[in-house]
Amino acid sequence: MVWVPGVDEVPMSLSSISVDGVSSITVADVGEATKMLHQKKVGEVVGVRGPYGNGFALTGGNVMIVGGGTGLTPLVPLAENLVKLSSKIVFMVGAKTRDDIFFLDRIGTVVPEVVVTTEDGSYGLKGIVTELAEQILEKQKFDMIYACGPEQMMFKMFLLAKRLNTPFQASLERYIRCGIGICGSCCMGEYRICRDGPVFSGEQLGKVRNEFGLFKREVDGSKVNF
Ligand SMILES: Cc1cc2nc3c(=O)[nH]c(=O)nc-3n(C[C@H](O)[C@H](O)[C@H](O)COP(=O)(O)OP(=O)(O)OC[C@H]3O[C@@H](n4cnc5c(N)ncnc54)[C@H](O)[C@@H]3O)c2cc1C
Ligand code: FES
């Protein structure tokens, strides 16, 4: 949880994780708190509490990673850790346009097989990342699919993984306030995203099919459809 004094406290993934204590976050400028973070100068103060919740469980074998938007943030350190375990990693990056893609050079240094799709065709292959992922998954057997990005994308990957009987993990976003399982603002069915997640397995997501991919709750608790 990153606190911007006088503004807000917002949840962020770690985009690099280092044992010597130097880690990083990567922030999209989308609203009040994130705009203020973008305007911070070296030496100005922000608060950090955590880390909270879980992370991706690492597996060996053949893995596919599918990310879009700021969802790429936790997937890059994931790939960097999987390299030591996995025999094959296919990293699929989906974006609307070239301007929405970042970390490609970092991904490219650890993963030889990177597939980029843009909806407008301005970079990589033109199309929707889930459709291309489906084509690859139909031809090759994978031992795990990891996903993070827009919920509709993760939902499509969840359905695909289920149909192909492939294990699945996704990192979800909900409105996070306390971050420690007390306030209930991040509830999804029986889960609290901050405490039980944000990473959930395909089996867990199957138990919340009446919420996952359909709606989330705003700060006042009202439902917003995806
Ligand atoms: C587990 C998790 C990891 C995240 N990791 C990253 C990351 O690595 N990089 C990144 O740029 N963004 C990340 N986000 C999203 C980020 O938290 C929101 O973009 C940020 O909170 C927006 O705050 P704001 O004040 O700038 O925008 P606002 O104007 O307040 O809102 C803009 C959007 O952000 C959502 N939002 C606002 N406050 C929260 C909150 N407390 N919890 C969840 N969503 C909120 C709103 O629903 C709205 O859709 C993550 C979110 C979660 C839940
Ligand atoms: S944010 Fe309070 S319970 Fe999850």
Legend entry - Answer residue from the range 202-226, given it is surrounded by 13 or more Cβ atoms within 10 Å (Cβ to Cβ) and among the small types (Gly, Ala, Ser) and is farthest from residue 144 (Cα to Cα) among those: 213
Legend entry - Sole exception among (1) among the hydrophobic types (A, V, I, L, M, F, W, C); (2) within 11 Å of ligand 1 (Cβ to nearest atom); (3) not in a loop (DSSP other than H, G, I, E, B) for residue 178, by number: (3)
Inset, instruction - Find all pairs meeting these conditions: Cβ atoms under 8 angstrom apart; at least six residues apart or on different chains; first residue within the range 36-65 and among the hydroxyl-bearing types (Ser, Thr, Tyr); second residue more than 16 Å from ligand 1 (Cβ to nearest atom) and assigned to a loop (DSSP other than H, G, I, E, B). - result: 59/85; 59/143; 59/167
Inset, instruction - Looking only at the range 212-226, count how many residues are more than 12 Å from residue 152 (Cα to Cα), assigned to a loop (DSSP other than H, G, I, E, B) and in contact (Cβ under 8 Å) with a residue 40 or more places away in the chain. - result: 2
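Would it be correct to say that residue 155 is more than 30 Å from residue 220 (Cβ to Cβ), surrounded by 15 or more Cβ atoms within 10 Å (Cβ to Cβ) and either under 16 Å from the mean Cα position of the chain (by Cα) or outside the structural domain of residue 26 (by TED's automatic domain parsing) (or both)? First the steps, then the outcome.
Details: more than 30 Å from residue 220 (Cβ to Cβ): no; surrounded by 15 or more Cβ atoms within 10 Å (Cβ to Cβ): yes; either under 16 Å from the mean Cα position of the chain (by Cα) or outside the structural domain of residue 26 (by TED's automatic domain parsing) (or both): yes.
In short, no.
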Inset, instruction - Return the total of residues in the range 111-152 being touching a residue at least 24 places away in the same chain (Cβ under 8 Å), among the hydrophobic types (A, V, I, L, M, F, W, C) and surrounded by fewer than 17 Cβ atoms within 10 Å (Cβ to Cβ). - result: 2
Inset, instruction - Could you list all residues from the range 161-181 that are of a type in the set (Gly, Ala, Ser) and within 12 Å of ligand 2 (Cβ to nearest atom)? - result: 179, 181
Inset, instruction - Only residues that are outside any strand (DSSP E or B), within 17 Å of the chain's Cα centre (by Cα) and either within 19 Å of residue 52 (Cα to Cα) or within 15 Å of ligand 2 (Cβ to nearest atom) (or both): list them for the range 182-203, please. - result: 186, 193, 194, 195, 196, 197, 198
Inset, instruction - Could you please let me know if residue 57 is within 27 Å of residue 200 (Cβ to Cβ), assigned to a loop (DSSP other than H, G, I, E, B) and small (Gly, Ala, Ser)? - result: yes
Inset, instruction - Residues being among the small types (Gly, Ala, Ser) and either within 7 Å of ligand 1 (Cβ to nearest atom) or touching a Ser or Thr at 6+ places or on another chain (Cβ under 7 Å) (or both): count how many of those fall in the range 2-52. - result: 8
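For residue 209, state whether it is more than 16 Å from ligand 2 (Cβ to nearest atom) and among the charged types (D, E, K, R). It would help to see each step written out before you state the result.
Details: more than 16 Å from ligand 2 (Cβ to nearest atom): yes; among the charged types (D, E, K, R): yes.
Yes: the conditions hold for residue 209.
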Inset, instruction - Please find, within the range 76-102, the residue that is modelled with the lowest pLDDT out of those that are outside any strand (DSSP E or B) and closer than 14 Å to residue 113 by Cβ. - result: 83
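Here is a yes/no grid of residues against (1) in the same structural domain as residue 173 (by TED's automatic domain parsing); (2) among the hydrophobic types (A, V, I, L, M, F, W, C):
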| position | (1), (2) |
| --- | --- |
| 9 | no, no |
| 18 | no, no |
| 33 | no, yes |
| 36 | no, yes |
| 83 | yes, yes |
| 91 | yes, yes |
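The values are calculated or read from the model by the stated rules, or taken from the named source; none is laboratory data. All of these numbers come straight from a predicted model, not from anything done at the bench. Positions of Cβ are backbone-derived with ideal geometry, glycine not excepted, and every protein chain shown enters the neighbour counts.
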